[in-house]
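Below is one structure; the comments refer to it alone.
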Amino acid sequence: MVDDSNLIEDHRELDVKLEKLRDIISKGEIDPVLFAQISKSLKRHIYIEEEEIFPSISERSNELRQRIAGLEMEHASIWMLLDRVEKEISVRNVEKSPKYIEEISSILVSHNEQEEDKVYPIISQNEKNSQKKITEYEVPEGWVCHRLRRKNK
Ligand SMILES: [Fe+2]
Ligand SMILES: [Fe+2]
């Protein structure tokens, strides 16, 4: 389990990278390497939250279960937008990518705020103990965020 401060740090790093990408994209260019880094980090972040952080928090109360469900819906939106940008980059037509990146950033503003205010502070001390680093996690091949798995829901 990662520490809440690691997750907050990860939010900040992603904000900086996304800002940089938006800047590049606003000039009509795209940086596929930077995008690939962002996409990989964001998906890893989502993976850690959905597999290691959210499940035990979600069980605590109905209110928290609903909050987590909302956050997972937003993860699904972010995930789909990342895939759309990736697809545009692969066919070298990034016409809608600026809009998609903009949408990702705008979802993340309230999403991250909610996690940092309402979810991360209640990660129990027990769960924080292992101190595994975010960079040590790898999203398993074929893993997709919970809300995008039709068969299991
Ligand atoms: Fe999240
Ligand atoms: Fe997060």
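Each value in this text was obtained by applying a stated rule to the coordinates, not by laboratory testing. All values reported here derive from a predicted model rather than from experimental measurement. Please note: Cβ atoms are built from the backbone with ideal geometry, for glycine as well, and neighbour counts cover all protein chains shown.
In this structure, the pairs whose alpha-carbon distance is over 23 Å, taken from Lys40/Lys99; Lys87/Lys133; Lys27/Lys87, are Lys87/Lys133.
Only helices enter the 222 nm calculation for the chain: every DSSP H run of n ≥ 4 contributes -39,500 (n - 2.57), and dividing by all residues gives -21000 deg cm²/dmol, rounded to 500. For a label point 7 Å from the Cα of Tyr137 along Cα→C-beta, name the residues of region 59-81 whose backbone N is under 19 Å from it. Of the residues in region 59-81, 59-60, 65, 67-81 have backbone N under 19 Å from the label point off Tyr137. Using only Cα atoms, tell me the angle between helix 97-114 and the longest principal axis of the chain; keep it within 0 to 90° and round to the nearest 10. Helix 97-114 sits at roughly 20 degrees to that axis.
If only the Cβ of Lys and Arg carry +1 and only the Cβ of Asp and Glu carry -1, the dipole of region 4-123 around its Cα centre is close to 440 debye. Diagonalising the gyration tensor over the Cα atoms of region 1-82 and scaling each eigenvalue by 5 before taking the square root yields semi-axes of 28, 14, 10 Å, largest first. The chain has equivalent-ellipsoid semi-axes of 28, 16, 14 Å, by the square roots of 5 times the alpha carbon gyration tensor eigenvalues, sorted largest first.
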